[in-house]
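Worksheet for the structure shown next.
The values are calculated or read from the model by the stated rules, or taken from the named source; none is laboratory data. Only a predicted model underlies this, so the values are computations on that prediction, with no experimental measurement involved. Glycine also receives a Cβ, built like all others from the backbone with ideal geometry; neighbour counts cover every protein chain displayed.
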Amino acid sequence: MTADLLNSPPLLLLASAAASAVLALADSARAQTTAPDTLQHWAARRGLLIGVAVAPRPLRDDDAYRQLLAREFNIVTTENALKWQSIQPRPGEFTWDDADVIVAFATEHGMKFRSHCAVWHHALPDWVAALAADPPRMRQAMRDHIDAIGARYGGGMTYWDVVNEAMEDDGTLRDTPWLRGLGPDYIAEAFVAAHAAAPAVKLVYNDYGTEYPGPKSDAVYALVRDLLGRGVPVHAVGFQMHLLRGLGDAGPIKANFQRFAELGVQVHVTELDVAIQNLEGTPARKLERQADVYRRVMEICTRVEGVTVVQTWGLSDNHSWISWFTGKPDAALLFDETYQPKPAYHAVLDVLAHDGQGPRAGDSSR
Ligand code: XIL
């Protein structure tokens, strides 16, 4: 009951004094520390977590970054700080300094955090990839790595992207050192190991290009259904949503999210950004179009009940990976380089504060 109430928009709750009391109780800790017109304020009232991926450097030396982050958001992801290359570049030699900075910030500010990511084919040191020729040692290395992360952060993290990007666009398993060394069941093995290492943490399968139904999304769906059927602990599916070319029809995305939710997993938008380089118009018009894309993504998220987390891939345009990735200047996030809110920010805030048309408000059209 409480969860349902927390998933309801504020206007509906005002209709019932009893409901308001429950909400006030459940939300009291946050309400005391949350500024009223912020993303996290409105997101929390819907039972949604809203956040960004963060880097340790600005957390160490940029006050404005820290303040904006703590004001607007209630969850962070470790952008690069917990990738294999970052924490275990050589066998058995772990470095946690960067991840510790992020985790300490989150803890200090009452924010949740997501660890990203244990088993991936990028940011993978050569010594690990080479173990594909020696499956027992590779299996042990995977378990040791997962154990180490679980031992250090298992008590604090809420979500853990355990396996990242295991699927090809055509729906076959990606040819990675993990697949070559351990075979297709490396995915199940990773989740089982992560659950043993951090039993309280919700475990996530994360991938890109899966928001629309199609061969890749269908394959992730089949994978997750199979894992659940075998009792493998998977609790959420992450949809990265790096939108490099805007957004088409939202209907199929809603339906796709819905079918994942019906499997019994949470749906997370994990790495949202909306590139402007391929949008039409003047610079100002591009920002408006970008805001429209963010608005529509957010509407999907507020209207599909299974969506519990929405995170952008970076706080502000000067902390975005898109320019690096595409080789072209861009401005894909909610805040500009001077941390001023962009039209996209206002669009997201508006949806969070006012969108009451979705199933969370009793709409049966989903
Ligand atoms: C990106 C980071 O943002 C960059 O800083 C880094 O150079 C490369 O990786 N999918 C993922 C993320 O799951 O880990 C990637 O992050 C972006 C695509």
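Some observations on this one:
- Qualifying residue in the stretch 258-273 (condition: without any contact (Cβ under 8 Å) to a residue 12 or more places away in the chain, under 28 Å from residue 73 (Cβ atoms) and of a type in the set (A, V, I, L, M)): no
- Members of the stretch 136-176 that are surrounded by fewer than 19 Cβ atoms within 10 Å (Cβ to Cβ), under 29 Å from residue 216 (Cα atoms) and of a type in the set (A, V, I, L, M, F, W, C): 173
- When the stretch 305-319 is filtered for residues that are under 23 Å from residue 237 (Cα atoms) and within 13 Å of the ligand (Cβ to nearest atom), the ones remaining, listed by number, are 311, 312, 313, 314, 315.
- Taking residues in the stretch 202-219 that are within 15 Å of the ligand (Cβ to nearest atom), and partners anywhere that are of a type in the set (Ser, Thr, Tyr) and assigned to a loop (DSSP other than H, G, I, E, B), the pairs with Cβ atoms closer than 9 Å and at least 6 places apart or on different chains are 216/208; 216/210.
- Screening residue 325 on (1) surrounded by fewer than 17 Cβ atoms within 10 Å (Cβ to Cβ); (2) touching a Gly at 6+ places or on another chain (Cβ under 6 Å) shows it passes everything except condition (2).
- Residue within the stretch 278-290 that is crowded, with 22+ Cβ neighbours inside 10 Å and within 27 Å of residue 74 (Cβ to Cβ) present: yes
- Residue among 158, 172 that alone is modelled with pLDDT of 95 or more and more than 21 Å from residue 264 (Cβ to Cβ): 172
- Selection within the stretch 158-186 - farther than 28 Å from residue 309 by Cβ and assigned to a helix (DSSP H, G or I): 177, 180, 181, 182
- Test: residue 272 is in a loop (DSSP other than H, G, I, E, B) and either within 16 Å of the ligand (Cβ to nearest atom) or not acidic (Asp, Glu) (or both): no
- Residue list for the stretch 292-332, restricted to those being assigned to a loop (DSSP other than H, G, I, E, B) and touching a Lys or Arg at 6+ places or on another chain (Cβ under 8 Å): 304, 305, 331
- Taking each residue of the stretch 39-53 that is closer than 18 Å to residue 273 by Cβ and looking for partners that are among the aromatic types (Phe, Trp, Tyr) and at pLDDT 95 or above with beta-carbon atoms closer than 8 Å, six or more apart or interchain, yields 39/73; 39/345; 50/73; 51/73; 52/73; 52/313; 53/313.
- Enumerated strands (runs of 3 or more DSSP E) restricted to the stretch 39-157, each holding at least 2 residues that are more than 16 Å from the ligand (Cβ to nearest atom): 49-54
- Contact annotation: residue pairs with Cβ atoms under 9 Å, 6 or more positions apart or on different chains, pairing a residue in the stretch 112-126 that is of a type in the set (S, T, N, Q) with a partner that is outside any strand (DSSP E or B) and more than 12 Å from the ligand (Cβ to nearest atom), are 115/99; 115/103; 115/149; 115/153; 115/157; 115/198; 115/201.
- Any hit, the stretch 250-269, residues being at pLDDT 95 or above, assigned to a loop (DSSP other than H, G, I, E, B), closer than 25 Å to residue 204 by Cβ and within 16 Å of the ligand (Cβ to nearest atom): no
- The residue list 291, 284, 219, 236 contains one member that is closer than 19 Å to residue 355 by Cα and small (Gly, Ala, Ser), which is 291.
- Residues satisfying the stated conditions in the stretch 183-200, i.e. more than 16 Å from the ligand (Cβ to nearest atom), crowded, with 20+ Cβ neighbours inside 10 Å and either of a type in the set (A, V, I, L, M) or at positive phi (or both): 192, 193, 194, 197, 198
- Picking from residues in the stretch 187-217 that are more than 20 Å from the chain's Cα centre (by Cα) and assigned to a helix (DSSP H, G or I), the one that is farthest from residue 141 (Cα to Cα) is 215.
- Residue tally, condition within 16 Å of the ligand (Cβ to nearest atom) and more than 18 Å from residue 96 (Cβ to Cβ), over the stretch 158-182: 12
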